[in-house]
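The values are calculated or read from the model by the stated rules, or taken from the named source; none is laboratory data. The model shown is predicted, which means the values in this text are computed figures rather than measured ones. Don't worry about glycine lacking a Cβ; one is built from the backbone with ideal geometry, like all the others, and counts go over all protein chains shown.
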Amino acid sequence: MGDQLHFIQLEAIVVVLGLLVLLADLFISESARRSLGYVAAGALCLVFLLSFHGSYVALADGKAFGGIYRLDGLALFFKRFFLLTAIFVLVFAVDFASRLKGGVSEYLAFILFALSGMMFASSANDFSLLFVSIELITVTFYILVSFQRHRIHSLEAGVKYLILGAVSSAFLVYGIALVFGEVGSLKFDAIRAEHAGLLGNNVFLFGMLFVFAGLAFKISAFPFQVWAPDVYQGA
């Protein structure tokens, strides 16, 4: 078990950092909370550098937790990409946080929790881990969209996002259930091994259609992007 924890060390550090940011709210002054974004961004720079450490890179092409978690070159690329993006987001969030009436630590912590979900999703080798990771990202986004509770437009955008997100999750779960019913496994390796025989299976193709529709809804890809402008404007 200890060896497997090495695979998720980056994600674990990000989650712990988010919890520390939340706890810091109890011990520092309100003016000092504004600079928490810079502190969190600096900590993520260290995590980014850790992703290049030889002991971590040596884990590439390995699997953990029964094969549901896979660390390969593509996963490493996306982890580093998400880390870099989050660093810039946290730096830019400092200016926005200064305009918040409260909850600066929570705002920054939810950005970090969303980042951990993205990093888990990049290493998902199983539909169950992929779904949980995406939902972690989505739930934090629900909260961030409606974070300015004193603004009616922000609350309206949050409710719209919640309803539409629930519909897309239903599509995703239904598609995963159909795929599991035909393949007998949620692991991507099993699906890849049997893909030749599954391409003529209408139930499997129908399930994958629902999966792609759910994912497209989540990322507002065409033609499922119509909700995005309204929600973004309200947020």
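Results, tabulated for the structure shown:
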{"item": "Positions within the range 34-60 being at pLDDT 90 or above and aromatic (Phe, Trp, Tyr), in sequence order", "result": "Phe48, Phe52"}
{"item": "Qualifying residue in the range 113-121 (condition: hydroxyl-bearing (Ser, Thr, Tyr), farther than 24 Å from Asp230 by Cβ and touching a residue at least 60 places away in the same chain (Cβ under 8 Å))", "result": "yes"}
{"item": "Within the range 180-235, helices (runs of 4 or more DSSP H) holding 2 or more residues that are more than 27 Å from Leu71 (Cα to Cα)", "result": "202-218, 228-234"}
{"item": "Residues located in the range 153-182, provided they are modelled with pLDDT under 90, more than 15 Å from Ala216 (Cα to Cα) and among the aliphatic types (A, V, I, L, M)", "result": "Leu155, Ala157, Val159, Leu162, Ile163"}
{"item": "Subset of the range 141-179 [polar (S, T, N, Q) and assigned to a helix (DSSP H, G or I)]", "result": "Ser154, Ser168, Ser169"}
{"item": "Residue satisfying condition, being modelled with pLDDT of 85 or more and not assigned by TED's automatic domain parsing to the domain that holds Met118, within set Phe222, Phe217", "result": "Phe217"}
{"item": "Phe131 vs. criteria crowded, with 19+ Cβ neighbours inside 10 Å, out of contact with any helix residue (DSSP H, G or I) (no Cβ under 6 Å at 6 or more places or on another chain) and not assigned by TED's automatic domain parsing to the domain that holds Val211", "result": "yes"}
{"item": "Every residue from the range 62-71 that is at pLDDT 90 or above and either of a type outside the set (A, V, I, L, M, F, W, C) or not assigned by TED's automatic domain parsing to the domain that holds Leu5 (or both)", "result": "Tyr69, Arg70"}
{"item": "Residues being under 18 Å from Arg70 (Cα atoms) and not in a helix (DSSP H, G or I) - total across the range 1-50", "result": "1"}
{"item": "Any hit, the range 141-153, residues being closer than 29 Å to Gly200 by Cβ and in contact (Cβ under 8 Å) with a residue 12 or more places away in the chain", "result": "no"}
{"item": "Qualifying residue in the range 77-98 (condition: out of contact with any Leu (no Cβ under 9 Å at 6 or more places or on another chain), more than 20 Å from Gly42 (Cβ to Cβ) and charged (D, E, K, R))", "result": "no"}
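Per-residue answers, yes or no, for (1) surrounded by fewer than 19 Cβ atoms within 10 Å (Cβ to Cβ); (2) over 30 Å from Ser185 (Cα atoms); (3) modelled with pLDDT under 90; (4) touching a Ser or Thr at 6+ places or on another chain (Cβ under 7 Å):
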position: Ala32; (1), (2), (3), (4): yes, yes, yes, no
position: Leu84; (1), (2), (3), (4): yes, yes, no, no
position: Phe92; (1), (2), (3), (4): yes, yes, yes, no
position: Leu100; (1), (2), (3), (4): yes, yes, yes, no
position: Phe110; (1), (2), (3), (4): no, yes, no, yes
